[in-house]
Amino acid sequence: MASIVGGFVMPHEPGIFFKPKETWSEAQLRVMAAFDAIRARIEELEATVAVVVGADHYVLFGPSCLPSYLIGIGDVSGPYERFPGIERDDIPSHPALASHIAQHGREHGFDWAVAKNLQVDHSIGVPARLCAMPTSQMKAVVPVYLASGVEPLIPKRRAFEVGQAIRAAVQAWPEDERVVVLGSGGISHWVGLPEMGKVNSDFDRQVLDCVVRGDAASLIGMDDEEILRTAGNGALEIRSFICAMGATQSPGGRLIAYEAGPDWVSGLGFAELHAG
Amino acid sequence: MTVFAIEAALHDLGVKRQARTAFAEDADKFLAAYRLSSEERRMFKEFDVAAMQRAGASPLLTIGFWLMNEPSRARATYLARLNQHATSGEQ
């Protein structure tokens, strides 16, 4: 039987990845060390599948079709953006398990949108390539997109429930797989708005504190208008964290790193979610 | 006037190379394919991203439009343009 053995939250801000290695600052080195730490924990957990939960940035999905939550059930590749040292070709997928998650969900009140061919963006492609794919037991990545950047947004409560649905489907999968769930998103940031470049570290710390305490209810209870006002439109991506918390049923976890600074436009939070 | 047409054109100009080429070659001809008012067409031709946002367009699309189509293709000029309009809007 498959099980969820752990989870993580992490950022995907492109500014982290555009810089060539020789130009990395001390802060950038700490950020990269945090990705390394997550990769090491995935190795220790002997994970065989990574479900990576990301956010579309109004690129993969356009005005003609905006899914509330979508899973890649077929071929996966990416990220489509070019970053120094990061491959962009095929990502090993798990069509059987991903299709099972979609179908299990549909039979239990979760009408997944599916993609049979999916070129992921940086929000999924970079965590997959940096943290999951290099580990020795990893066989496949299952991409999940939540509507957390483009309105209409998935309600935060529903993001948590989608995580729970992923967990239920994984537990109903008859084969032995050790699954980790990666919630990928920035914390405070203002994407494309006049405040772009500003962060709210107090908000970021508050979010990470909830993650580490396993307090999904407080994150779900945050008002979106208040998040927009105090932490920017990019902070709505905490839905990825909430989904990962729903999937892990995390009783708590540990902070791995937090960074914010002039090198980036968002607060960067890294934490582990212990599996409940 | 509809934000849906603005977002449709913005999305195409963000992700489709052919659209960007067509826009650069003949903006009026390109924009005629969308249900845009004359004021909305002006927003595109003048890269008036602040007006687009005031009309309800997603900031994710306006920044993508700028970075992929405006000659400077720079975040700094994008923010300067947004803030310039924010300032002038307050006057």
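The values are calculated or read from the model by the stated rules, or taken from the named source; none is laboratory data. Just so you know, these numbers come straight off a predicted model, no measurement behind them. As a convention, Cβ positions derive from the backbone with ideal geometry for all residues, glycine included, and neighbour counts pool all protein chains shown.
Observations on the structure shown:
- Assessment of segment A:137-160 against the conditions (assigned to a helix (DSSP H, G or I) and either surrounded by fewer than 17 Cβ atoms within 10 Å (Cβ to Cβ) or out of contact with any helix residue (DSSP H, G or I) (no Cβ under 8 Å at 6 or more places or on another chain) (or both)) yields at least one matching residue.
- Here B:Ala22, B:Ala86, B:Ala57 are screened, and the one residue that is within 14 Å of another protein chain (Cβ to nearest Cβ), modelled with pLDDT of 95 or more and either surrounded by 17 or more Cβ atoms within 10 Å (Cβ to Cβ) or not in a loop (DSSP other than H, G, I, E, B) (or both) is B:Ala57.
- Residues in segment B:32-54 that are more than 11 Å from the chain's Cα centre (by Cα) and either aliphatic (A, V, I, L, M) or within 16 Å of B:Thr77 (Cα to Cα) (or both): 3 in all.
- Residue within segment A:236-258 that is more than 19 Å from A:Asp36 (Cα to Cα), within 14 Å of chain B (Cβ to nearest Cβ) and not polar (S, T, N, Q) present: yes
- Scope segment A:191-202; condition at the interface with chain B (Cβ under 8 Å from one of its Cβ atoms) and buried (at least 17 other Cβ atoms within 10 Å of the Cβ); matching residues: A:Val191, A:Gly192, A:Leu193, A:Pro194, A:Met196
- Residue list for segment B:60-81, restricted to those being farther than 12 Å from B:Glu7 by Cβ, within 12 Å of another protein chain (Cβ to nearest Cβ) and hydroxyl-bearing (Ser, Thr, Tyr): B:Tyr78
- Comparison of A:Ile4, A:Ile71, A:Ile101 shows that the only residue that is in a helix (DSSP H, G or I) and either within 14 Å of chain B (Cβ to nearest Cβ) or surrounded by 15 or more Cβ atoms within 10 Å (Cβ to Cβ) (or both) is A:Ile101.
- For segment B:25-37, the set of residues classified as assigned to a helix (DSSP H, G or I) and either crowded, with 21+ Cβ neighbours inside 10 Å or not acidic (Asp, Glu) (or both) consists of B:Ala27, B:Lys29, B:Phe30, B:Leu31, listed by residue number.
- Residue ID - farthest from the other protein chains (Cβ to nearest Cβ), chosen from residues in segment A:45-68 that are touching an Asp or Glu at 6+ places or on another chain (Cβ under 7 Å) and farther than 26 Å from A:Leu273 by Cα: A:Leu60
- Of all residues in segment A:146-160, those satisfying the criterion of being within 14 Å of another protein chain (Cβ to nearest Cβ) and touching a strand residue (DSSP E or B) at 6+ places or on another chain (Cβ under 9 Å) are A:Ala147, A:Ser148, A:Gly149, A:Val150, A:Leu153.
- Selected residue [more than 12 Å from the chain's Cα centre (by Cα) and surrounded by fewer than 22 Cβ atoms within 10 Å (Cβ to Cβ)] from B:Val15, B:Val3: B:Val15
- Scoring B:Glu40 on the criteria (1) outside any helix (DSSP H, G or I); (2) away from chain A (no Cβ under 13 Å); (3) under 20 Å from A:Gly192 (Cα atoms) leaves a single failure, condition (1).
- Counting the residues of segment B:60-78 that are in a helix (DSSP H, G or I) and either crowded, with 19+ Cβ neighbours inside 10 Å or polar (S, T, N, Q) (or both) gives 10.
- Residue count for segment B:1-19 under the criterion of being within 14 Å of chain A (Cβ to nearest Cβ) and either over 16 Å from A:Pro63 (Cβ atoms) or aromatic (Phe, Trp, Tyr) (or both): the result is 2.
- There is no residue in segment A:161-181 that is in contact (Cβ under 8 Å) with a residue 12 or more places away in the chain, within 14 Å of another protein chain (Cβ to nearest Cβ), under 21 Å from A:Val9 (Cα atoms) and not polar (S, T, N, Q).
- With a requirement of 2 or more residues that are in contact with a Gly (Cβ under 9 Å, 6 or more places away or on another chain) and over 23 Å from A:Ala40 (Cβ atoms), the helices (runs of 4 or more DSSP H) lying completely within segment A:193-276 that satisfy it span A:201-213, A:238-248.
- Test result for B:Ala9, among the small types (Gly, Ala, Ser), part of a helix (DSSP H, G or I) and modelled with pLDDT of 95 or more: yes
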